[in-house]
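The values are calculated or read from the model by the stated rules, or taken from the named source; none is laboratory data. Everything quoted here is computed from the prediction, not taken from an experiment. All Cβ positions, even for glycine, are placed from backbone atoms using ideal geometry, and neighbour counts span all protein chains on display.
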Amino acid sequence: MPLAAIEDISSRVGEEIGVSPWIVVDQQAIDTFADVTGDHQFIHVDPQAAARTPFGGTIAHGFLTLSLLSQMAAGVMLVPDGIKMAVNYGFERVRFIAPVRSGRRVRGRFVLSSVEEKRRGQWQFVHDVTVEIEGEDKPALTAAWIGLIFL
């Protein structure tokens, strides 16, 4: 994560701070996620049955796509100099807009929507995130993601 002074980060509220590289969501990733979560619904893990649905094939779990935010954010989100720790605090909202078909690529677009010092040395960052699907008009998901940064 790129480092910057807290004042510089705060001055970027309302701006797009970055776009992640593309990530391939292949069937192996979908199957592994299904095994880890126990969600083996056929639309995720059975290509023949999923081919007969309106999706035309298997699709990623929405929560798999959501979980990729950490990887997407790694090279994009600005963090303050002197950071001791960053933790995921949750989401104000998450919406799954369009399915991610197996083999497609996704990336995250991050807009810093707020920065607030909650306590001395504890900062809350909120990012509006859009996960785009390569070649598609609709995004996979949108979210308002909250993180806490400890300095």
Test result for P21, within 22 Å of G135 (Cα to Cα), under 20 Å from the mean Cα position of the chain (by Cα) and either in a loop (DSSP other than H, G, I, E, B) or modelled with pLDDT under 95 (or both)
yes
What's the total number of residues in the stretch 34-51 that are closer than 16 Å to S67 by Cα and not in a helix (DSSP H, G or I)?
2
Under the condition of being in contact with a Pro (Cβ under 8 Å, 6 or more places away or on another chain) and assigned to a loop (DSSP other than H, G, I, E, B), which residue from the stretch 94-138 is surrounded by the most Cβ atoms within 10 Å (Cβ to Cβ)?
S102
Within the bounds of the stretch 5-17, is there any residue that is under 25 Å from T130 (Cβ atoms), over 20 Å from the mean Cα position of the chain (by Cα) and acidic (D, E)?
yes
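Report, by residue number, each residue of the stretch 2-23 that is buried (at least 16 other Cβ atoms within 10 Å of the Cβ) and on the phi < 0 side of the Ramachandran plot. Break it down stepwise before answering.
To start, the set of residues in the stretch 2-23 that are buried (at least 16 other Cβ atoms within 10 Å of the Cβ) comprises 4, 6, 9-10, 17-18, 20, 23.
A4, I6, I9, S10, I17, S20, I23, listed by residue number.
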Could you please give the count of residues in the stretch 68-93 that are of a type outside the set (A, V, I, L, M), part of a helix (DSSP H, G or I) and crowded, with 16+ Cβ neighbours inside 10 Å?
0
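Just checking, which of T58, T65, T37 is at pLDDT 95 or above, touching a His at 6+ places or on another chain (Cβ under 9 Å) and crowded, with 16+ Cβ neighbours inside 10 Å? So that I can check it myself, show each step before the final result.
Working: T65 fails: touching a His at 6+ places or on another chain (Cβ under 9 Å); T37 fails: crowded, with 16+ Cβ neighbours inside 10 Å.
Checking each option against the conditions leaves just T58.
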Can you find even one residue in the stretch 93-102 that is over 14 Å from L141 (Cα atoms) and either in contact with an Asp or Glu (Cβ under 8 Å, 6 or more places away or on another chain) or of a type outside the set (A, V, I, L, M) (or both)?
yes
Failed criterion for T130 (all others in (1) touching a residue at least 24 places away in the same chain (Cβ under 8 Å); (2) within 21 Å of E15 (Cα to Cα); (3) not acidic (D, E) hold):
(1)
